[in-house]
Amino acid sequence: MRTNHALHVGDAADTSLADESVDLVVTSPPYPMIEMWDDLFSARDDAVADALDSGDGEAAFEAMHAQLDSVWDEVARVLRPGGIACINVGDATRSLGGSFRQYPNHARVLSALSERGLSPLPDIIWRKPTNSRTKFMGSGTLPSNAYVTLEHEYVLILRKGLPRSFPPGDESRYESAIFWEERNQWFSDLWEFTGTGQRLESESRTRSAAFPIELPLRLIRMYSVYGDTVFDPFLGTGTTTIAAMLAGRNSVGYELESSLVAAFDERLEDIPARSEREVSQRLADHRRFSTNRATQPSYDADTYDFRVVTKQEKQIQLYRVASVSGDDEESETTYTVEHTPVTSLPNSHDPVASDNVDATGDDDD
């Protein structure tokens, strides 16, 4: 299996993507009213800086979101009918104009996407505790001017149109199935894992607190199948692209800051080894689950020497990244990833690729 990945330096409000060409959107925009993003928003619209200088938080909040709205226009245009958009966004708390308040970014983004014809689905609360148990905001132990600590973000999930349809017995869909125990964990409305602190110095700003790869990797496996195309209009350090590579999906990303795209190659060095470890871990975890379950699962997997709980899991096929090659062009940087099917379970030996794959990683077909 081969997947293709394109990284563009440019504004995601005006992409080169064709109408209805994307199966899944996974992204996290800059959060309005978080101070580290003030310069970015202000540079693109003087109204933001004017509102902040005058202490008008409501006006600044709306002016920042107006910039995001142009990207949501593009998301609605390029997403296929039945496609899913997953938006990780957090609310902001801030003192401005002598008043402390919360700015509900998640509600504003949800409203904007709904206005563009996407239907909200049940969302996910991502709880990522960063403070100690004794840290809080406000007046300490005295009522009534203390504030609840804000240690969660949202993963908004929306669909364009009716649910996606597949041909009966679609091979890609069944090979892309997730294990029963993964489904029970991932489709919970509360996720708890810590964020990934990153500080990348560039000419224009410092980037921090990128989401960990576990977040886009889960979403990609939940809402797409092998060979689908994933779009991230706020690519940042490229975590969504890495996740798409590991998951066997194609991807397209846009990022305003060229230095972040230029640094992306540094993240690719360990992708084959990382993929091998990740696939081995999933197979080992399921074998352990299957062995330890009080009631033996009902079905034999077609490819692996273990049992699965549901008939839908029988055809699960995991792939590992065999190689990654890149090509710089004038308007984009592209990568080709070769994936090989893994057919043995991890034990004393590493998983091996299927015998019907040649040395280049291409299928015989």
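Each value in this text was obtained by applying a stated rule to the coordinates, not by laboratory testing. In this text, all values refer to a predicted model and were calculated from it rather than measured experimentally. Counting neighbours? That spans all protein chains shown, and the Cβs are built from the backbone with ideal geometry, glycine included.
With the gyration tensor restricted to C-alpha atoms of segment 238-338, the semi-axes of the equivalent ellipsoid amount to 36, 12, 11 Å, longest first. For the pair SER298 and ASP11, label points projected 7 Å from Cα toward Cβ lie 5.5 nm apart. With the convex hull constructed from alpha-carbon coordinates only, segment 230-274 shows a mean projected area of 2.9 nm² over all directions. Across the chain, the mean sequence separation of Cα contacts (distance under 8 Å, 6 or more residues apart), normalised by length, yields a relative contact order of 21 percent. Could you state the angle between the C-alpha long axis of helix 271-292 and the longest principal axis of the C-alpha atoms of the chain, as a value from 0 to 90 degrees rounded to the nearest 10? The helix 271-292 is inclined about 70 degrees to the chain.
Give me log10 I(q)/I(0) at q = 0.07 Å⁻¹ for the chain, Debye formula, one equal scatterer per alpha-carbon, no solvent. Those come out to -0.34, one per q. If you take the alpha carbon atoms of segment 1-68 and fit the smallest convex hull around them, that volume is 125 Å³ per residue. Extension gain for ASP328 to THR291 (0.36 nm times residue separation, less C-alpha to C-alpha distance): 8.6 nm. In whole percents, the pair-distance distribution calculated for segment 289-330 from its alpha-carbon pairs, binned every 10 Å from zero, is 25, 34, 16, 13, 10, 3. Here segment 70-185 is treated as an ellipsoid with the same Cα gyration tensor; its semi-axes, largest first and in whole Å, are 38, 21, 9. Multiply the residue gap between LEU162 and ASP45 by 0.36 nm, knock off their C-alpha separation, and tell me the result in nm, one decimal place. Extending this stretch completely gives an extra 38.5 nm. Would you mind classifying segment 88-131 by shape? Square roots of the alpha carbon gyration tensor eigenvalues, ordered a ≥ b ≥ c; an a/c under 1.5 is rounded, otherwise it is prolate if a/b is larger than b/c and oblate if not. Here segment 88-131 falls in the oblate category.
Ordering 76-83, 284-291 by mean Cβ neighbour count within 10 Å, with the highest value first, yields 76-83, 284-291.
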